[in-house]
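What follows is a short report on a single structure.
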Number of protein chains: 2
Amino acid sequence: AQIALERDYEAQRESDTRYRVLMEASREAYVFVSVHDGRIVEGNTAAGALLGRRRDDLPEAGLSELCEPKRKGDLIETLRTQALSDRPVPVDALVRHGKEPVSLVPTIFRSAGERMLLVRIEPLSEGKVSQDALS
Amino acid sequence: AQIALERDYEAQRESDTRYRVLMEASREAYVFVSVHDGRIVEGNTAAGALLGRRRDDLPEAGLSELCEPKRKGDLIETLRTQALSDRPVPVDALVRHGKEPVSLVPTIFRSAGERMLLVRIEPLSEGKVSQDALS
C-alpha cells in the first residue's frame, strides 16, 4: 500500500508540473476563481497582462475587482449560471484597468469539495460580434 | 510531518483537477511528448481532433507517426532543438491523417527526471506566413 501511495504521489507531482507548464505555455488567458468568495486562486501570465497585474499578484484579488460586468448583476453568479447552462454564452465585461472590453468564458468544476470556475478571458477585438449572456 | 504531507498531497490533487479542467477547456491543441521515445503521454480533445484520433487513443502513439515534419530530420530532435533555442521558431509539419498543414510550438521541461515536451499544434490557415524552424 505504501508503494502504491508513493506511486500515486509521484503521478500527482507529474501532473502538477504539467499543469504549471501548460498554464504558462497557453496563449489564452485563464484564471481559476473560487465560487464561494469570487477570489482568484491562480491565473497565468496572459491573464495578468490582460488584467493589468503581475501573475503573482492575481491570487486573492476578487475577479469583480478587476473586471466590471457589462450588465448589472453579480459577476460570479452570472458566470456560474452560464457555466451550468445547457447553451452557455460568454459574459461581456470591461477590465477596470485599461478599459479593455473582454468576453469571459466559464467552466465550473468541483475541487476538494469546493466549487471553482475556470474563466477564459478573451479580448473582444473590434469587428468581433459579442454574444453576451445577458443581451 | 504527516499532516504537512497530507496537506501537500491534497494540494497536488487540486492541481491535478485543475490540470485536467484546463486541458479540456483549452481551445488550443496540446500534446505532452516524452523526449526519450517520442511517444505522446497525453493530449487534449482539440489535439485529437487535429490529429484524427480520439483523445484517449493519443497516449502511446509516436508523435512522428501522426505528424510528418516538412523538412528532413527527426521530428522530436527538431522540436527539442527549437525548444532549447534562444529564439525558437515553430516547426512545420503535415498531419498524416487528413494532410492538414500545422505548426508545432514546443516547450521543454523536466518531470520525474525525464525530459518532456509540451507541443502546441496550430493549424496553418492559408494566408498565414509560415516561420518554419528549418527554412
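The values are calculated or read from the model by the stated rules, or taken from the named source; none is laboratory data. A quick note: this is a predicted structure, and the numbers were derived from the prediction, not measured. Methodologically, a virtual Cβ is constructed for each residue, glycine included, from the backbone with ideal geometry; neighbour enumeration extends over all protein chains shown. Just the protein is used for accessible areas: all its heavy atoms, side chains included, with ligands, DNA and RNA removed. Shrake-Rupley method; radii C 1.70, N 1.55, O 1.52, S 1.80 Å.
The table below gives the values:
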read-out	value
Test for B:G52: is it touching a His at 6+ places or on another chain (Cβ under 7 Å) and surrounded by fewer than 17 Cβ atoms within 10 Å (Cβ to Cβ)	yes
Yes/no for A:E65 being under 11 Å from A:G38 (Cβ atoms) and not basic (K, R)	yes
Matching residues in segment A:13-49 - criterion: being more than 8 Å from chain B (Cβ to nearest Cβ) and open to solvent by less than 40 Å² (accessible area, probe 1.4 Å)	A:A29, A:V31, A:V33, A:S34, A:V35, A:G38, A:I40, A:G43, A:N44, A:A46, A:A47, A:G48
Residue that is over 30 Å from B:S64 (Cα atoms), facing chain A (nearest Cβ under 7 Å), open to solvent by 20 Å² or more (accessible area, probe 1.4 Å) and of a type outside the set (S, T, Y), where the choices are B:E6, B:E10	B:E10
Residue pairs meeting the criteria (Cβ under 8 Å; at least 6 apart or on separate chains; first over 20 Å from B:F32 (Cα atoms), in segment A:16-45; second at pLDDT below 95 and surrounded by fewer than 18 Cβ atoms within 10 Å (Cβ to Cβ))	A:S34/A:E114; A:V35/A:E114; A:H36/A:E114; A:R39/A:E60; A:I40/A:E60
Unmet requirement for A:E24, which otherwise passes all of (1) within 27 Å of B:M116 (Cβ to Cβ); (2) in contact with an Asp or Glu (Cβ under 8 Å, 6 or more places away or on another chain); (3) modelled with pLDDT of 95 or more; (4) among the charged types (D, E, K, R)	(2)
Criterion (modelled with pLDDT of 95 or more and more than 14 Å from the chain's Cα centre (by Cα)) met by exactly one of B:R53, B:R39, B:R87, B:R7	B:R53
